[in-house]
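Shown next, in structure tokens, is the structure this report addresses.
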């Protein structure tokens, strides 16, 4: 027997009393059944909290491995922010409209075209073709076709289509009228 058992042996030396003494000491350690239940509840609570903490730690580890918390320059990803668009003023356009009258009505306007700064040289190079296409288009229109707000919007839409077609694949923003006059 171990020394601890020998110390608990009663003076009369009966080994049966030793086992009884061991049972008493374990009952004193474990306590009542209510204490056992409370101990199990605490153990479960700590297990759940530990599991939640483990999942959170695993999530942070994965986030660090994926580079979520690292600066964007280190990722090699650079966002190219385009330069703000510019408004290019086209030359004044004056064209006689389609008419059966002896003196034909005339339209005169100045356009502003919204383009990227990189597209400006291409627009200037394509200007003769753009002006020719606009003149051809306007000679097929009547004064009634271009009158009023609806006529102006229709004209703006068609002019944008002409310029966009000449500038492909570059993208054209808005087409604005600086001045417009129909006589």
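The values are calculated or read from the model by the stated rules, or taken from the named source; none is laboratory data. Just so it is clear, the structure is predicted and the values come from calculations on it, not from any experiment. Counting neighbours? That spans all protein chains shown, and the Cβs are built from the backbone with ideal geometry, glycine included.
What to note about this one:
- Scanning the stretch 132-151 for residues being touching a strand residue (DSSP E or B) at 6+ places or on another chain (Cβ under 7 Å) and assigned to a helix (DSSP H, G or I) gives a total of 5.
- Only a single criterion out of (1) without any contact (Cβ under 8 Å) to a residue 12 or more places away in the chain; (2) surrounded by 15 or more Cβ atoms within 10 Å (Cβ to Cβ) is not satisfied by residue 126, namely (1).
- Out of 47, 57, 83, 43, one residue alone is touching a helix residue (DSSP H, G or I) at 6+ places or on another chain (Cβ under 7 Å), at pLDDT 80 or above and loosely packed, with under 11 Cβ neighbours inside 10 Å. It is 83.
- Any hit, the stretch 133-144, residues being exposed (fewer than 14 other Cβ atoms within 10 Å of the Cβ) and within 39 Å of the chain's Cα centre (by Cα): no
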